[in-house]
Amino acid sequence: MSAESKNGKSYLDERFEIDDSFSRFDQKNDIFNRAIWDDTVDPKHFFKSYDIANYKPKKSKGFDHWDYAFRNASWHLTDYVGELHFQKTGKVEGFTDTYTSTTPGSPNKIKDSSAEYNTQRIKQAAKMFGAGMVGMCKLDKRWVYRTNYNRLSGESQALEFPESMTMAIVLVVPMDYKLSKTFPSALSGASTGLGYSTSLSSAITLAQFITNLGYEALASLNDTALSIPMAIEAGLGEYGRNGLLITPKYGPNVRIAKVFTDLPLIADRPREFGVQKFCNQCNRCAKGCPVKAIPYGPPQKEPPNFSSLSGIKKWTVNAEKCFKFWVGMNSDCAICIRVCPYNKDYSKWYHRLGIKLSNSPLRKVLLWLDDKLGFGKRHPPQYWWNQTN
């Protein structure tokens with residue numbers, strides 16, 4: 001699959017019918033940032049619950065002291081590192097700004113290395129550092145945020161991005177499959193937290209490795225630029241109805257990190273394995289969403305609100321409805337991951353076969369089997385705690 005078509009348009013331009021009205025996203029309009037400045041988005045106790053002194057247990061299974069303690073511990077490293085400089089700068093590294101945890105590297109660049117050689121070694125290193133999948137793409141500035149939002153001052157300013165950074169290394173980090181079966185609960189929120197912690201470690205370590213080689217590198221999670229478009233360009237998956245990256249190795253049960261660099265690399269190519277056709281028939285995520293935040297029908301150009309992109313034809317989750325449900329639970333939801341037929345344990349050969357058959361007329365049979373075998377059903381949180389191995 002070519003990253004650029006014969007008419008000069010990019011793969012994403014054609015796939016998502018991006019038009020001239022498209023503009024770079026303002027970071028302050030991200031739903032989590034809106035919860036800070038927009039009175040119509042009330043976070044209530046959502047953010048406070050990540051301080052264990054403020055958690056509020058519920059009678060529902062998966063929301064007791066054990067569950068919140070486990071979830072909050074899973075987030076500890078990401079929160080601690082991300083907010084090291086918050087009181088001084090207002091930056092939340094990994095969520096509003098790139099990480100500054102790398103130290104100065106070599107003053108000399110590695111010698112006699114080709115882009116092909118660099119790419120092979122970077123991918124090998126990234127997997128050793130914790131990534132499950134790795135891809136490269138040329139940096140399309142349209143996915144870089146137009147503004148930075150400062151959560152301390154409440155101000156926005158133009159996002160300054162180094163012109164030297166021409167490549168993005170995209171890291172896909174798998175989340176725990178068994179924990180994902182308990183979504184939604186405070187317990188299952190640990191799957192998300194651990195995914196972010198591993199992403200943080202992988203991205204910072206890889207950025208330091210590249211810096212040690214004498215090149216520039218910036219480690220990034222949700223900050224600075226949109227991850228999913230770059231992951232698609234880097235050949236790591238397709239876009240699903242649930243607004244998530246669907247990967248051929250882990251389904252949607254992943255986190256995405258990025259490392260921006262000037263190191264010469266070879267870009268990967270986008271790949272398709274039938275996700276859009278499957279999502280057209282499936283609708284499991286739309287049916288399973290308690291607040292109907294996920295759309296039925298074909299992709300649309302108009303977003304539900306200004307926390308989403310416009311000028312691009314895609315399925316768009318209503319972030320306002322979604323976040324309101326999170327606030328009500330004091331934890332993240334991810335039912336859309338649990339019920340997705342692509343959410344499988346691909347260490348099993350029959351699930352690897354299934355993902356191939358999903359791109360065939362047999363996808364209806366696979367959907368029927370998915371229902372019959374109960375793959376999307378929620379497992380009781382106690383089931384996870386009672387595991388013996």
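The values are calculated or read from the model by the stated rules, or taken from the named source; none is laboratory data. Small disclaimer: the values here were computed from a predicted structure and weren't measured. All Cβ positions, glycine included, derive from the backbone under ideal geometry; neighbour counts span all protein chains shown.
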Members of the range 45-83 that are assigned to a loop (DSSP other than H, G, I, E, B), under 25 Å from the mean Cα position of the chain (by Cα) and of a type in the set (Asp, Glu): Asp51, Glu83
Options Leu236, Leu245: the member that is crowded, with 24+ Cβ neighbours inside 10 Å, in contact (Cβ under 8 Å) with a residue 60 or more places away in the chain, closer than 27 Å to Ala186 by Cβ and of a type outside the set (Lys, Arg): Leu245
Contacts under 9 angstrom Cβ, first residue in the range 256-267 being free of Cβ contacts under 8 Å to residues at least 12 places away in the same chain, partner crowded, with 18+ Cβ neighbours inside 10 Å, 6 or more apart: none
Positions within the range 354-384 being farther than 15 Å from Pro248 by Cβ, more than 22 Å from the chain's Cα centre (by Cα), of a type outside the set (D, E, K, R) and part of a loop (DSSP other than H, G, I, E, B), in sequence order: Pro361, Leu362, Leu373, Gly374, Phe375, His379, Pro380
Any hit, the range 258-274, residues being touching a Cys at 6+ places or on another chain (Cβ under 7 Å) and crowded, with 24+ Cβ neighbours inside 10 Å: no
Single unsatisfied condition, Phe161 versus (1) touching a residue at least 40 places away in the same chain (Cβ under 8 Å); (2) in a helix (DSSP H, G or I); (3) hydrophobic (A, V, I, L, M, F, W, C): (2)
Top-ranked residue of the range 321-353 - restricted to ones that are over 30 Å from His65 (Cα atoms) and surrounded by fewer than 21 Cβ atoms within 10 Å (Cβ to Cβ), ranked as nearest to the chain's Cα centre (by Cα): Tyr346
Among residues of the range 49-78, those that are charged (D, E, K, R), under 26 Å from Asp223 (Cα atoms), in contact (Cβ under 8 Å) with a residue 24 or more places away in the chain and surrounded by fewer than 21 Cβ atoms within 10 Å (Cβ to Cβ), counted: 0
Test: residue in the range 317-326 that is assigned to a loop (DSSP other than H, G, I, E, B) and without any contact (Cβ under 8 Å) to a residue 24 or more places away in the chain: no
Listing of helices (runs of 4 or more DSSP H) fully contained in the range 199-297 that carry 1 or more residues being over 17 Å from Met165 (Cβ atoms) and among the basic types (Lys, Arg): 275-282, 284-288
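Results for (1) modelled with pLDDT of 95 or more; (2) in contact with a His (Cβ under 9 Å, 6 or more places away or on another chain); (3) buried (at least 24 other Cβ atoms within 10 Å of the Cβ); (4) under 30 Å from Gly62 (Cα atoms), shown as yes or no for each residue.
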residue: Asp140; (1), (2), (3), (4): yes, no, no, no
residue: Trp143; (1), (2), (3), (4): yes, no, no, no
residue: Arg146; (1), (2), (3), (4): yes, no, no, no
residue: Asn150; (1), (2), (3), (4): yes, no, no, no
residue: Ser153; (1), (2), (3), (4): yes, no, no, no
residue: Glu160; (1), (2), (3), (4): no, no, no, no
residue: Val172; (1), (2), (3), (4): yes, no, yes, yes
residue: Phe183; (1), (2), (3), (4): yes, no, yes, yes
Residue ID - farthest from Asn343 (Cα to Cα), chosen from residues in the range 195-251 that are of a type in the set (Asp, Glu) and within 13 Å of the chain's Cα centre (by Cα): Asp223
Boolean, Ser358 is modelled with pLDDT under 95 and surrounded by 18 or more Cβ atoms within 10 Å (Cβ to Cβ): yes
